[in-house]
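Working notes for the structure below.
The values are calculated or read from the model by the stated rules, or taken from the named source; none is laboratory data. Predicted model, so just to flag it, every value in this text is computed and none were measured. Counting neighbours? That spans all protein chains shown, and the Cβs are built from the backbone with ideal geometry, glycine included. Ligands, DNA and RNA are excluded from the accessible area calculation, which covers all protein heavy atoms including side chains. Shrake-Rupley method; radii C 1.70, N 1.55, O 1.52, S 1.80 Å.
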Amino acid sequence: MFAQVNSLGLFGMESYAVRVEVDLLRSLPKFDVAGLPDSAVSEAKMRVPSAAKNSGFSFPVCKITVNLAPADIRKEGPVYDLPILVCVLLANGDLHFDPSDMAFVGELSLNGEVQPVRGVLPMVIQARSAGLREVFIPAANAAETAALRDITVYPVHNVCELTDHLSGRQKIKPVQGKDFPQENTALSLPDFRDVRGQLAARRALEVAAAGGHNVILVGPPGSGKSMLAKRLPSILPEMSFEESLETTKLYSVAGALPSGVSLITSRPFRSPHHSVSGAGLSGGGTVPRPGEISLAHNGVLFLDELPEFSRNAMEILRQPMEDGTITISRVQASLTYPCETMVVAAMNPCPCGFFGDSTRKCTCPQGAAQKYLARVSGPLLDRFDLHIEVPRVEFGKLSAKEDSENSSAIRERVNVARALQEKRLTGTGIHSNARMTAAQTRQYCAPTPGAMHLLEQAFERLGLSARAYDKILRVARTVADLAGSEALDVPHVAEAVQFRGLDRKLWGA
């Protein structure tokens, strides 16, 4: 007796169709699973019989052969428990229905309850692309599919509920679709009105938000570096539906999607502790999963106390910061995850934090400050577009009663600048100045003769690299966009150059 049903597998951020086949043979009892299963898949032979018996079904006592096709792709996770059980019940004659336009995914507990699994959102998207009409998923994963259209998704709590539906006795209510929310999600975020003083740092973060640039903040303890960084998402543009869907897919694949959330509509803000491993930042595992830098996709990755991170973790950032993607290679798989994130780093100028401070004397031993700064390599430092000094805030500014400019006002200017970039880069797949290619930088960031002369002087005096040259032009383009200027003039280049001077002051580069 033979039966087959459709299921879905996961490979990175993408899903693929899996055909679950079951053959029942009158022979000595045995349960085999073929098709390159990992340990979690193979353990289905222990979960499936118990789930069937505890749901009121007589599990066949015979040789059961399960094949997961295509057999040349390794299958991982307990996602195939539910389709295997349905297929066994079909082959044994306990169920009678046409499964050709249906797909099943879900883990089973021993009492027949359907447990949540990772990656349901990309799986349902793949089922829709394959022309399937109905997908049965764990009820706990139902929310993440609510934004999808043109496919019916049924949330399943347990085996009995599913078999009642397939037999026509009691239909399951499908997941109700939700529209993409249009409300301003920044209203609930920390606001820049709480920041006292730090006008230069606030301006730098506005420029960074407008162009999607990476920023490093350097200053003594308590100067407000973390406070500034945590308010950056409040001035970033609202996420588009495409950005929201892609970010939600990443969180679904990583198993990090909050319960009951259908779409991530606020830009992510990830702030891993400095003890995080290189694999924790980049992603890893036998079949690699997204790391912190990918989970910050379309948002902000904040690295507080940057020199305290391991050398390996810091150097891992170099390629993703440049390319906007990260490729993780293992023996069994090589996967690429998106990571178009703004990297914001904060650090003290020395171990005690007061090197160069105007009011407190540095207590570090001689040479300790330079040794501390040297933990951040030149190539990594070069990948930050803006180097910002965050000095101590004066008492008068801290005690001032008037509010600073709020995030809403700053965000309006950022949105105008981003709209100019979207129009300029239409059809290129690039949405911000920071991600422009070298050819686009030459095309859209051509300075006026006066600005070019200033840039030439800065290049010679500061000893800038070719990468720093391109980054200055892109930052100058963002400054010009904020000013509503199509020409790249002296004031725009001068401000961009000013944002590259701190590394020369502290690192002596």
At R0 = 30 Å, how high is the FRET efficiency between LYS53 and SER100 if r is their beta carbon distance? Nearest 0.05 is fine. 0.60
Please list, by residue number, every one of the trypsin sites (Lys or Arg not before Pro) in the stretch 17-85 that is coil in DSSP and has at most 11 other beta-carbon atoms within 10 Å. ARG26
Evaluated at q = 0.14, 0.16, 0.21 Å⁻¹: base-10 log I(q)/I(0), Debye formula over Cα of the stretch 27-109: -0.45, -0.60, -1.05
Report the label-to-label distance for SER485 and GLN115 in nanometres (one decimal), using points 7 Å from each Cα along the Cα→Cβ vector. 6.1
Restricting to Cα pairs below 8 Å that are 6+ residues apart, what does the relative contact order work out to for the stretch 361-505? Please round to a whole percent. 31
Take every DSSP beta bridge with both residues inside the chain and express the antiparallel ones as a percent of the total, to the nearest 5. 45
R0 of 51 Å, Cβ-Cβ distance PHE459-GLN176: FRET efficiency to nearest 0.05: 0.30
The stretch 207-277 and the stretch 368-396 have their Cα centres apart by a whole-number Å value of 21
Pairs of Cα atoms under 8 Å, at least six residues apart: use those to get the relative contact order of the stretch 211-311, whole percent. 28
Find how many whole Å separate the alpha carbon centroid of the stretch 416-461 from the alpha carbon centroid of the stretch 279-309. 28
The pairs in LYS423/LYS471; LYS249/LYS471; LYS53/LYS249; LYS361/LYS471 lying past 29 Å Cα-Cα in this model are LYS249/LYS471; LYS53/LYS249; LYS361/LYS471
Take peptides 419-432, 112-125, 241-254 and line them up by average Cβ neighbours within 10 Å, highest first, as a rough protection proxy. 112-125, 241-254, 419-432
Report the Cα-based extents of the stretch 1-43 along its three principal axes, largest first, to the nearest Å. 41, 22, 11
In the full protein assembly as shown, how much of ILE316 is accessible to a 1.4 Å probe, in Å² to the nearest 10? 50
Which three extents, in angstrom, do the Cα atoms of the stretch 149-286 have along their principal axes, listed largest first? 68, 38, 23
First select every other residue whose beta carbon is under 9 angstrom from the beta carbon of VAL475; then total the charges, Lys and Arg +1, Asp and Glu -1. +2
Length gained when the stretch THR65-ASN415 is fully extended (0.36 nm per residue, less Cα-Cα span): 120.2 nm
Points 7 angstrom from Cα along the Cβ direction at ASP38 and ARG26: gap in nanometres? 4.0
Over the chain, what relative contact order in percent results from Cα pairs under 8 Å that are six or more residues apart? 13
Using alpha-carbon coordinates, inclination of helix 81-91 to the longest axis of the chain, degrees: 20
Selected from GLY283, ASN214, GLY131, residue furthest toward positive end of dipole (the chain; charges at beta carbon): ASN214
Taking N as the number of residues in the stretch 402-509, what is its Cα Rg relative to 2.2 N^0.38 Å? 1.14
Estimated 222 nm signal from helices in the chain, with DSSP H stretches of n ≥ 4 weighted -39500 (n - 2.57), rounded to 500: -10000 deg cm²/dmol
Viscosity 0.890 mPa s, temperature 25 °C, Stokes-Einstein D of the stretch 125-180 from Kirkwood C-alpha radius, µm²/s: 209
Could you grab the Rg to Rh ratio for the stretch 301-353? Cα atoms only, Kirkwood for Rh. 1.08
Distribution of pairwise C-alpha distances over the chain, 20 Å bins, in %: 21, 44, 25, 10, 0
For VAL156, the residues 5 or more places away or on another chain with a placed amide H closer than 5 Å to its own amide H are ILE137, ALA139
Three-way shape call for the stretch 52-163 based on the alpha-carbon gyration tensor, with the a/c threshold at 1.5: prolate
Net charge over other residues, Cβ less than 12 angstrom from the Cβ of VAL117 (K, R count +1; D, E count -1): -3
